[in-house]
Amino acid sequence: MTQNELLLEILSEEIPSRFQKGAIQNASSLFPKILKEYGTHFASVESYVSTRRLVLVVKNLLGRTTDLCEEKRGPRVSAPENAILGFLNANHKTEPDLIVKDGYYYLKIEEQAGDVRDILADVIVDFIERMPWPKSMRWYLEEQETVSASWVRPIRSILCVYDNEPVITSIKPVGLTTCGHTFGHRFLSAGPIEVTDFADYSVKLEQHHVMLDHRKKMAYINNELVQRAAAMGMCLAYDDDLLEEVTGLVEYPFVQFGTIDEKYMKLPSPVLSTSMRVHQKYFTLTYTDSMPTPFYGTVTNVPCTQTMREGLDRVLRARLSDAMFFYNEDADVTLEAFAQRLSNVVFHEKLGSIAQKVDRMMSIANSKEEHRVIALCKADLLTQMVGEFPELQGVMGEIYALKQDETKAVATAIREHYKPKGAKDGLPDSFMGTRASFFDKLDTLVGFIGVGITPSGSKDPFALRRSALSIIRILCDSRFDVLENDNLSWYIDTLISAYSEQGIALLPDTLELVHNFIISRFKILISDRYSIDPEVMDSVVNSYGTFDFNYKDAIAKAKKLNILQKREGFSTIQEAVKRVRGVIGEGNLQDTDEKLDLINSHAENLNNHIEACMAEQEDDSTFQTVVGISELVLDVCDHVLINDEDPDIRNKNLKLLSKYIRLVECKVGIV
């Protein structure tokens, strides 16, 4: 028996699998917040979401342990009489109870410390009304002749047990009264199940074929699939998203294997696995060489009978028959023929057609093979197979290109130009695939930002942040030099001109806007990836001009600066660099190769130390040497008139300070 434990279960119709992970997170943050608002104390809150139930377990839940007395402010003393009377009536007080202070009326509101049970109805109602769902619904409450509060699906029962005893209270917004029992598996269990606490609840649910813990259920499904496949000499083709989805579809998993008709094994592997995964939620099984087997794995909510197995196979045959038809129909048309129809496919109403996008990408390609890749890379969007399975775009392009005798390099690049599709997706493995991906995503950014469409808050309907992050990953992480010694500005400028030639007007500052958008995402990505202080990232980014920003170089500088900032004396270097840059001005570093003939002793001393440091081999003491030189720089700035009236002296002073900046850049690695 567990003392002071609250067990709350909201049992409803099936919760969509895709909502369950978010529901666990939302419930875990919302319910503690509500409990605190009611003045309770508790040790912890755990949440679970399964196919039909959302469960909250609160450990050591206690109500307010002392009486509460507070003053409640009312209307001004000069307020109308009816306002004062309303304030009294609302708080069940009379005129003698009024207290005058600071020109306002106050009332003393006293509340006695109460039992947690007394507030649970209000807590549950608050939770139901405030729990966020991607989509929710209301249902008709016949006894109340009204509609319910919103919930993801109609609520059928609310279990509420506190301190090992059921709490019976009315929850009017959903037309139910809480109870001390739950229900097991919809088909494999009958009748109510009385429970006393969470431990008792968990055991009894398992006995009645409900596996509550999502992670436990997912691990069980995965292990069953892997072990049964291994027993048949096969491997499971891992699909984390599908595993997550099917876990949320069943209360208790029963793993089944079925067969695929031999004639459908002629379909390309991606077509076969995608058709099974998307339509039927079936897992692909492969041989050790990764070739698909004529078997599949699936998960059902009840034990599988022979009739069910035959039904699973029969439904799959119908789906694969459709896939075979689409594949054969597409194979009769060349990719070039599909590409010619792209002018009929709108990219965006303000940015023209897909064919126009392809033409713009052509303007920044520079080889015959690159032009071939770009000409065909969007062609499969018009195939029936991609129309049925959008996730196969690029994949089908590669398959059809190889069937039509395109080179392996071109076919691979057609598939790879969609990569990376997300933060977890890998980069293209080929040079042409990398270039095509870069062209595609940069054109998208230039176009949308150029017509004033940018992400707002959490809304990013055209995935522009993802496009920017893909560009950054290509520039920073790819083993290929995608810019081919040009700078990013050249590509952006060329695309802007291509838009203009198509009659699509972009904002006059599009070049700067695109640069700034990419750099802003770069700062966030690199800060998170290497745990770099945001201020360090700002400092590094600000050391470049907008149009000569070097992404790989900036990462190296940021990583080094992040370490250096923790060393003693770094703030002195920072202060000196900031002061020198303020004197010299942005972009005005002087040539420092010539020998300087300085007449001021402070400046001469600084120059000698800089030259000595530049001539020395770098070692562990170099950093502290630069710190000392930075102190001399500050001394020079205090005692020497840098911008002397004599142009020759002024020029020598500016060259001296420029020499210091070069020293810091060379020996410390940051400026």
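The values are calculated or read from the model by the stated rules, or taken from the named source; none is laboratory data. The structure displayed is predicted, hence computed values, not measured ones. Cβ sites come from the backbone with ideal geometry, for glycine too, and all protein chains shown count toward neighbours.
Structure summary
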| item | result |
| --- | --- |
| Subset of the stretch 190-230 (residues that are among the aliphatic types (A, V, I, L, M) and under 30 Å from Thr286 (Cα atoms)) | Met211, Met218, Ala219, Ile221, Leu225, Val226, Ala229, Ala230 |
| Qualifying positions in the stretch 294-320 - in contact with a helix residue (DSSP H, G or I) (Cβ under 8 Å, 6 or more places away or on another chain) and either basic (Lys, Arg) or without any contact (Cβ under 8 Å) to a residue 12 or more places away in the chain (or both) | Arg317, Arg319 |
| Residue check, Val174 in contact with a Ser or Thr (Cβ under 6 Å, 6 or more places away or on another chain) and either within 27 Å of Pro253 (Cβ to Cβ) or of a type in the set (Gly, Ala, Ser) (or both) | no |
| Subset tally (residues that are part of a helix (DSSP H, G or I) and closer than 22 Å to Lys357 by Cβ) for the stretch 385-408 | 12 |
| Glu9 vs. criteria assigned to a strand (DSSP E or B) and either closer than 25 Å to His208 by Cα or β-branched (Val, Ile, Thr) (or both) | yes |
| Residue count for the stretch 139-175, restricted to those that are part of a strand (DSSP E or B), under 28 Å from Ser202 (Cβ atoms) and under 38 Å from the mean Cα position of the chain (by Cα) | 10 |
| Single residue of the stretch 420-459 satisfying the filter (part of a loop (DSSP other than H, G, I, E, B) and among the basic types (Lys, Arg)) that is nearest to Ile374 (Cα to Cα) | Lys421 |
| Complete set of residues in the stretch 487-544 that are over 25 Å from Asp460 (Cα atoms), among the aromatic types (Phe, Trp, Tyr) and either touching a Leu at 6+ places or on another chain (Cβ under 9 Å) or touching a residue at least 24 places away in the same chain (Cβ under 8 Å) (or both) | Trp490, Tyr530 |
| Residue within the stretch 347-354 that is in a helix (DSSP H, G or I) and touching a strand residue (DSSP E or B) at 6+ places or on another chain (Cβ under 6 Å) present | yes |
| Answer from Gln256, Gln227 - the residue that is in contact (Cβ under 8 Å) with a residue 40 or more places away in the chain and of a type in the set (S, T, N, Q) | Gln256 |
| Filter result for Val226 (under 24 Å from Ser136 (Cα atoms) and either loosely packed, with under 15 Cβ neighbours inside 10 Å or not acidic (Asp, Glu) (or both)) | no |
| Sole residue being part of a helix (DSSP H, G or I) and closer than 23 Å to Tyr400 by Cα, chosen from Thr293, Thr274, Thr284, Thr307 | Thr274 |
| Qualifying residue in the stretch 438-451 (condition: modelled with pLDDT of 95 or more, in the same structural domain as Ala365 (by TED's automatic domain parsing) and over 26 Å from Asn550 (Cβ atoms)) | yes |
| Counted residues, the stretch 12-37 - those being part of a helix (DSSP H, G or I), under 16 Å from Lys135 (Cα atoms) and of a type in the set (Ser, Thr, Tyr) | 1 |
| Failed item in (1) more than 30 Å from Arg18 (Cα to Cα); (2) in contact (Cβ under 8 Å) with a residue 60 or more places away in the chain; (3) not β-branched (Val, Ile, Thr), with Arg117 passing the rest | (2) |
| Residue that is nearest to Leu205 (Cα to Cα), among those in the stretch 7-37 that are touching a strand residue (DSSP E or B) at 6+ places or on another chain (Cβ under 9 Å) and among the charged types (D, E, K, R) | Glu9 |
| Meets criteria (under 14 Å from Val514 (Cβ atoms) and surrounded by fewer than 24 Cβ atoms within 10 Å (Cβ to Cβ)) for Val446 | no |
| Test: residue in the stretch 58-69 that is surrounded by fewer than 17 Cβ atoms within 10 Å (Cβ to Cβ), free of Cβ contacts under 8 Å to residues at least 40 places away in the same chain and charged (D, E, K, R) | no |
| Test: residue in the stretch 360-368 that is assigned to a loop (DSSP other than H, G, I, E, B), in contact with a Leu (Cβ under 8 Å, 6 or more places away or on another chain) and either over 25 Å from Ser275 (Cβ atoms) or modelled with pLDDT under 95 (or both) | yes |
| Residue list for the stretch 545-567, restricted to those being without any contact (Cβ under 8 Å) to a residue 24 or more places away in the chain and either over 28 Å from Ser621 (Cβ atoms) or not hydrophobic (A, V, I, L, M, F, W, C) (or both) | Asn550, Asp553, Lys566 |
| Filter result for Glu310 (more than 27 Å from Ala379 (Cα to Cα) and of a type outside the set (Gly, Ala, Ser)) | yes |
| One residue from Glu145, Glu244 being surrounded by fewer than 19 Cβ atoms within 10 Å (Cβ to Cβ) and free of Cβ contacts under 8 Å to residues at least 24 places away in the same chain | Glu145 |
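Quick grid of which residues meet (1) aliphatic (A, V, I, L, M); (2) in contact with a Leu (Cβ under 6 Å, 6 or more places away or on another chain); (3) over 24 Å from Ala556 (Cα atoms):
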residue	(1), (2), (3)
Gln624	no, no, no
Leu641	yes, no, yes
Asp644	no, no, yes
Glu665	no, no, no
